[in-house]
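Quick notes on the structure that follows.
The values are calculated or read from the model by the stated rules, or taken from the named source; none is laboratory data. None of these values were measured; they are calculated from a predicted model. Here the Cβ is made from the backbone with ideal geometry for all residues, glycine too, and neighbour counts use every protein chain on show. For the accessible areas, the whole protein counts, side chains as well, though only heavy atoms, and no ligand, DNA or RNA atoms are used. Shrake-Rupley method; radii C 1.70, N 1.55, O 1.52, S 1.80 Å.
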Amino acid sequence: MPTPTKGPRLGGGPAHEKMILANLASQLFEHGRITTTETKAKRVRPLAEKMITFAKKGDLASRRRVMTVIRSKGVVHTLFTEIGPRFAERDGGYTRITKIGPRKGDNAPMAIIEVLVEGTPGKKAVVNEATATAAKAAPKAVAKKAPAKKAAAKSDDAAPAKKAAAKKAPAKKAAAKSK
Amino acid sequence: MPVPKRKMSRSNTRSRRSQWKTTATTLVLCERCREKKRPHVACGTCGTYNGRQVLDV
């Protein structure tokens with residue numbers, strides 16, 4: 001859950017803030033990463049992640065919801081065709097904020113906010129891999145003791161294990177090692 | 001509206017301002033280039049944070 005926003009609005013008023021955040025989110029999806037102040041980065045993150053969640057859903061209703069914030073059809077298109085599907089394996093945490101120190105001129109603390117790129121495994125993917133490894137190691141233990149409880153656990157594990165194993169070859173190697 | 005009756009003396013002004021102090025910035029060594037940098041902020045020298053290249057140097 002995002003932290004509730006405290007303090008004054010960004011810009012001149014509520015409408016101005018809404019506009020600033022919408023523009024920042026739009027630019028973020030267009031360019032992948034943007035440099036802004038820490039405050040703005042922190043405020044735009046929940047909005048951007050909500051947009052990505054809509055993009056993952058991908059139906060017409062969510063597209064219309066996104067269109068109310070991001071005005072550019074082109075950006076919405078990239079969001080729904082490229083950015084959304086990229087995060088199918090990830091539950092939240094689609095963006096990263098890195099602080100880069102104060103700005104020359106007004107000493108404002110600056111940050112880079114970026115949409116994660118492929119190659120960063122999400123928690124879900126890591127968990128899938130772990131269950132795959134566990135399931136591969138499990139048959140040995142089950143053969144030794146073979147209580148009904150463990151057999152049930154094994155069959156539960158087996159379904160996600162197959163998926164993860166098919167996707168990730170390293171998982172197999174890890175499993176082989178653990179044996 | 002109440003206003004100060006007397007001009008504040010130079011001494012009083014200076015005593016008050018003597019309490020304006022600055023603190024040294026906390027610095028840590030950058031993991032990659034061993035330069036000093038601020039904690040939780042990307043390194044200004046090599047532009048990395050947490051082993052990731054963030055800034056163009």
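Annotations
- Bridgeable aspartates and glutamates around A:LYS56 (alpha carbons under 16 Å apart, same-chain partners fewer than 8 residues away excluded): A:GLU82, A:GLU89, A:ASP91, A:GLU118.
- For B:LYS36, the residues 5 or more places off, or on other chains, whose built amide H falls under 5 Å of its own are B:CYS30.
- For the stretch A:85-102, Karplus couplings with θ = phi - 60° (6.51, -1.76, 1.60), whole Hz, Gly/Pro x: x, 4, 9, 4, 8, 10, 9, x, x, 8, 10, 9, 10, 10, 6, 10, x, x
- In this rough spin-label picture, where each label sits 7 Å from Cα along the Cβ direction, the B:GLN19-A:ALA134 distance is 5.8 nm.
- Pairwise burial B:A, computed as accessible area of each alone minus the pair, summed, 1.4 Å, Å²: 600
- Whole-Hz couplings from phi, Karplus 6.51/-1.76/1.60, listed for the stretch A:21-27; x for Gly and Pro: 5, 5, 5, 4, 4, 4, 5
- Long-range HN-HN contacts of A:ILE100 with modeled amide H, under 5 Å: A:MET110, A:ALA111, A:ILE112, B:ALA42
- Complex-versus-alone comparison for the stretch B:15-57, residues with a loss of 10 Å² or more in accessible area, probe 1.4 Å: B:ARG38, B:HIS40, B:VAL41, B:ALA42, B:TYR49, B:ARG52, B:VAL54, B:LEU55
- The HN-Hα couplings worked out from phi for the stretch B:51-57 by the Karplus form 6.51 cos²θ - 1.76 cosθ + 1.60 (θ = phi - 60°) are x, 10, 6, 10, 10, 7, 10 Hz, whole numbers, x standing for Gly and Pro.
- Counting 0.36 nm for each residue step from A:ARG71 to A:HIS16 and taking away their Cα separation leaves a gain of 18.3 nm.
- Over chain B, accessible surface divided per residue gives 94 Å², non-protein components excluded, 1.4 Å probe.
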